[in-house]
Amino acid sequence: MEHEKYMRRCFELARRATGLVSPNPLVGSLLVKDGNLISEGWHREFGSPHAEAEALNQAGAESAGCDLYCNLEPCSHTNKKTPPCVPHIIGSGIKRVVISNRDPNPDVNGEGILKLREAGIEVIEGILEDEGRELNKFFFHFITKRTPYVTVKIAQTLDGKITSCEGKQTRITGVDALRDVHKLRNSYDAVLVGSKTVSIDDPQLNVRRINGRNPIRIVLDCELNLPLDRKIFNSRDPEKTWVFTGKNNDAERIEKLKASGVRVFEFDSDGANCIGICHILKFLGEQNIASLLIEGGAGTFTKFLSANQFDELIVYHAPLFFARGVTAILEPFETVLKPWSVRILGKDTKTVFKKEN
């Protein structure tokens with residue numbers, strides 16, 4: 001029970017850097033001696049000292065004889081901006097290291113544990129392992145597959161509608177659900193929508209209802225025909241707006257977008273889908289985008305779901321019944337999903353689904 005208590009504190013510390021360390025993992029660490037908490041640390045942002053180093057530096061000479069808790073296996077390699085933590089731990093006189101998960105990074109993956117044990121340090125692993133894996137689901141997916149973890153997010157009525165009328169924006173969920181969506185945006189590296197959503201809803205796709213940072217905003221505009229007065233093209237951080245379009249489109253329009261700071265990427269056409277989903281995910285992986293939130297609309301939802309190119313589905317259900325309107329998912333898909341969690345947000349319900357193994 002003591003190990004679990006301290007590991008949950010590591011999780012709490014790690015979450016403080018949500019949205020700030022990607023594509024690195026969320027990591028918290030603390031030092032304990034004779035039942036007393038000596039120091040704490042967490043990885044605060046990409047390129048900053050690791051959680052273990054923060055805790056060790058804070059403790060100084062008091063580190064000797066301590067137990068070090070960390071939710072992820074300490075690193076032992078030098079193929080990164082920051083120095084490896086294992087030599088620091090060994091040199092600090094730590095007597096025991098307790099972790100939740102092994103680091104799946106091929107440069108680590110048990111090597112850190114091995115070196116600690118070779119130095120005579122006891123290592124206990126697997127504490128709250130499932131919770132630790134959920135905490136770092138983006139990192140675990142990205143480091144092993146080199147493509148982003150993809151979540152499809154849908155806000156719909158009880159009869160599965162996302163708007164009451166084709167071509168019209170309809171507010172579906174209440175303020176609690178909207179605030180939760182902004183929390184989601186803060187935690188993902190990028191959000192993606194189709195051109196029809198931008199044309200009809202004119203979304204900003206930034207983080208407003210909480211303190212956080214804006215994700216990269218991606219628009220699939222295959223024919224590059226969106227009006228340039230949309231909010232997404234006129235933001236305070238235009239470099240975070242990316243347009244994915246087909247090749248051989250309007251060169252003048254592309255130059256106008258680029259002149260405003262928007263980044264435009266041209267892809268080969270892939271039949272009816274315009275740009276192949278697999279091409280998009282591969283490209284995003286190459287840009288170190290570890291997590292992607294799909295926010296609409298129906299055609300875009302359906303492309304990712306029917307291609308089975310997603311890892312998680314989040315559905316916000318509002319207590320409404322439209323009978324007419326646009327259905328969120330335009331055609332059946334074969335992936336088997338299981339409910340992962342259910343939360344009540346005001347009058348709405350949020351259900352998270354994940355794929356069955």
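Quick rundown of the values:
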| read-out | value |
| --- | --- |
| Extended-chain gain in nm, criterion 0.36 nm per residue less alpha-carbon gap, Thr18 and Val336 | 111.6 nm |
| Built amide H within the under 5 Å cut-off of Ile94, gap 5+ | Gly65 |
| Vicinal HN-Hα couplings computed from phi for the range 289-302 (Karplus, 6.51 cos²θ - 1.76 cosθ + 1.60; Hz; Gly/Pro x) | 8, 8, 8, 9, 10, 8, 10, x, x, 4, x, 6, 3, 5 |
| Amide H contacts under 5 Å for Thr241, placed H, 5+ residues apart | Arg217, Arg263 |
| Cα-Cα over 32 Å, subset of Lys95/Lys145; Lys145/Lys247; Lys282/Lys350; Lys33/Lys355 | Lys95/Lys145; Lys33/Lys355 |
| Test item: Cα-centred dipole of the chain, Lys/Arg +1 and Asp/Glu -1 on Cβ, debye | 900 |
| Hull-based mean projected area of the range 2-141, where the convex hull spans the alpha carbons, in square nanometres | 7.1 |
| Relative compactness, the range 149-287, computed as alpha-carbon Rg over 2.2 N^0.38 Å | 1.07 |
| Potential extension, Arg146-Glu62 segment - 0.36 nm per residue separation minus Cα distance | 26.3 nm |
| Set of the range 87-123 residues, backbone N closer than 18 Å to the point 7 Å along the Cα-Cβ line of Asp130 | 100-102 |
| Contour minus Cα-Cα distance for Glu45 and Glu118 (0.36 nm per residue) | 23.2 nm |
| Charge dipole magnitude, Cβ of K and R +1, D and E -1 - the range 1-151, Cα centre, debye nearest 20 | 420 |
| Between the range 1-31 and the range 190-268, the alpha-carbon center distance in angstrom | 34 |
| Inter-label distance for Glu2 and Thr82, nm, one decimal - labels placed 7 Å from Cα along Cα-to-Cβ | 2.7 |
| Separation of the Asn211 and Ala323 label points, Cα + 7 Å toward Cβ, nm | 4.8 |
| For the chain, Cys with no neighbouring Cys Cβ under 4.7 Å | Cys10, Cys66, Cys70, Cys75, Cys85, Cys165, Cys278 |
| Between 0 and 90°, nearest 10: helix 2-15 axis offset from the chain longest Cα axis | 40 |
| Positive-end residue, the range 2-141 charge dipole about Cα centroid, Cβ charges, pick of Pro87, His43, Val97 | His43 |
| Cα-centred dipole magnitude for the range 146-355, charges only on beta-carbon of K, R (+1) and D, E (-1), debye, nearest 20 | 840 |
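Any read-out appearing in this document is the output of simple, stated calculations on the displayed coordinates, not a laboratory observation. Keep in mind that this is a model prediction, so the values were computed, not measured. Quick reminder, even Gly has a Cβ in these numbers, built from the backbone with ideal geometry, and neighbours come from all protein chains shown.
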